[in-house]
Amino acid sequence: VQLQAYGGGLVQAGGSLRLSCEAFGGTFSRSIMGWFRQAPGKEREFVASISPSAASTYYADSVKGRFTISRDNAKNKVYLQLNSLKPEDTGVYYCAARWLYSGDVARTDGYNYWGQGTQVTVSS
C-alpha cells in the first residue's frame with residue numbers, strides 16, 4: 001500500500017487549505033484513515049480520523065470546528081479541509097491507514113502505512 005499526500009502550502013492566518021491523500025493498493029474502503037501532523041521539534045500528533053464507511057469521524061480538540069475529514073472510497077482518497085488556520089497549525093501533515101478496528105485511533109502505532117507528508121505553513 002502506498003499513500004501519497006498533497007495539497008499543502010503557505011497560507012496566511014485565517015486562510016484555508018484542502019489536503020488530499022490517495023491510496024494505491026490494499027483495500028482502501030475497509031481502512032480507517034487518519035491525519036497526523038508534526039511541527040519542528042515536536043512529536044507527531046493526531047489530527048483527525050474517519051471510519052471505513054465515513055460514518056464516524058474523530059478530531060483533536062485543537063482542530064474541532066475548523067478541520068473536516070472526509071473520504072471518497074470510489075477514488076481511494078481521503079481529504080482534510082483546513083479552515084480558520086492558525087500559525088500553530090504549521091507542520092508536516094501525514095495521512096495514515098490502519099486495518100485495526102479496535103484501539104485508540106489517535107495513537108500512531110496502530111497505523112500500518114503512512115504517506116510521505118505535505119508541508120503546511122501558516123503565517124501570522
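The values are calculated or read from the model by the stated rules, or taken from the named source; none is laboratory data. Since this is a predicted model, take the numbers as computed values, not measurements. Note: accessible area is taken over every heavy atom of the protein model, side chains too, but ligands, DNA and RNA are not part of it. Shrake-Rupley method; radii C 1.70, N 1.55, O 1.52, S 1.80 Å.
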Inset, instruction - Just need log10 I(q)/I(0) for the range 59-124 at q = 0.17 Å⁻¹, Debye formula, equal scatterers on the alpha-carbon atoms, no solvent, rounded to two decimals. - result: -0.74
Inset, instruction - Report, to the nearest whole %, how much of the accessible area of the chain belongs to carbon and sulfur atoms, 1.4 Å probe, protein only. - result: 46
Legend entry - Rel. contact order, % - alpha carbon contacts under 8 angstrom, at least six apart, the range 39-89: 24
